[in-house]
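The values are calculated or read from the model by the stated rules, or taken from the named source; none is laboratory data. Source: prediction; values computed, not measured. Neighbour counts run over all protein chains shown; Cβ positions are idealised from the backbone, glycine included. Quick note on the areas: whole protein, heavy atoms, side chains included, nothing else; ligands and nucleic acids left out. Shrake-Rupley method; radii C 1.70, N 1.55, O 1.52, S 1.80 Å.
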Amino acid sequence: MLPHFFERLTPRAYPRTRMRTAAIAWSVVGLFLIWKGVWISHQFSFFLIFCSILLGLGLGFLKSRFIFDKVAVKVIAHIGDRPARACLGGLFSFKNWVLILIMAAFGRIIGVLPIGPLLKTGIYVMVGSGLAFSSRLIWSAWKKPASPELRRI
C-alpha cells in the first residue's frame with residue numbers, strides 16, 4: 001500500500017516538460033550566478049569590474065564548450081531515454097544531482113573564503129555564463145524535439 005501511495009504523489013511530467021524545466025533551471029542558475037558575481041564587486045571601479053566580468057565571460061565560454069556542453073548533452077539524452085511520463089525530479093541523473101550538490105557546496109565555500117571580491121566575481125561569472133550559455137543546447141532540444149516521445153506534447 002505504501003509504494004502505491006508514493007506512486008500517486010510522484011509529480012509526473014512528459015519529456016518535453018522535463019526538458020523545459022532543465023533548460024529553465026540551467027538558465028536561471030546561470031543568470032543568478034552572473035548577477036551575484038557582479039553584485040559582490042559593485043564597490044570597485046567600473047574598469048576593474050569590467051575586466052573581471054570580461055575574463056569570467058571568456059573563461060565561462062571555454063568552460064561551456066569543453067565541460068558544460070557535454071553535461072547538457074547527457075541531460076538531454078537522459079530525459080529522452082525516460083518513459084513518456086516520468087518523475088519530474090528525474091530530469092537529472094543521480095550523477096548530475098551529485099554534481100549539483102558538489103557545485104553548490106563549492107559555491108558556498110568560495111563565498112566564505114577570504115579572497116578578493118573581484119576574483120569571486122570572475123569565478124561566479126565564469127560558472128554562471130558557462131551554465132547559461134550551455135543551456136542553449138537544452139533549449140534547442142526542447143524547441144525541436146528529436147525523438148518521437150518528445151514530439152507527443
Might you check whether a residue that is more than 19 Å from the chain's Cα centre (by Cα), within 24 Å of Pro11 (Cα to Cα), open to solvent by 40 Å² or more (accessible area, probe 1.4 Å) and of a type in the set (D, E, K, R) occurs anywhere in region 84-96?
yes
Item checked: Selection status of Ile115, in a loop (DSSP other than H, G, I, E, B), farther than 17 Å from Trp35 by Cβ and at pLDDT below 95 -> yes
Note on region 113-123: residues open to solvent by 60 Å² or more (accessible area, probe 1.4 Å) and either in contact (Cβ under 8 Å) with a residue 12 or more places away in the chain or within 12 Å of Ile40 (Cα to Cα) (or both) are Leu119
Taking first residues from region 85-111 that are closer than 18 Å to Lys63 by Cβ and free of Cβ contacts under 8 Å to residues at least 40 places away in the same chain and second residues anywhere that are of a type outside the set (Lys, Arg) and in a helix (DSSP H, G or I), the pairs with Cβ under 8 Å that are 6 or more apart or on different chains are Asn96/Val71; Asn96/Val75; Asn96/His78; Leu99/Val71; Met103/Val127; Ile110/Ile123; Ile110/Tyr124
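Pick out, from region 12-81, the helices (runs of 4 or more DSSP H) lying fully within it that include 3 or more residues that are within 23 Å of Arg108 (Cβ to Cβ). Outline the logic, then answer.
Details: elements: 15-40, 46-63, 69-81.
The qualifying helices (runs of 4 or more DSSP H) are 15-40, 46-63.
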Exercise. In contact (Cβ under 8 Å) with a residue 40 or more places away in the chain, within 15 Å of Tyr124 (Cβ to Cβ) and open to solvent by less than 80 Å² (accessible area, probe 1.4 Å) - does that describe any residue in region 69-80?
Worked result: no
When region 44-68 is checked residue by residue, the ones that are within 14 Å of Ile34 (Cβ to Cβ), open to solvent by 70 Å² or more (accessible area, probe 1.4 Å) and without any contact (Cβ under 8 Å) to a residue 12 or more places away in the chain are Phe50, Leu54
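Would you say Arg108 is open to solvent by 90 Å² or more (accessible area, probe 1.4 Å) and touching a Phe, Trp or Tyr at 6+ places or on another chain (Cβ under 8 Å)?
No, not satisfied.
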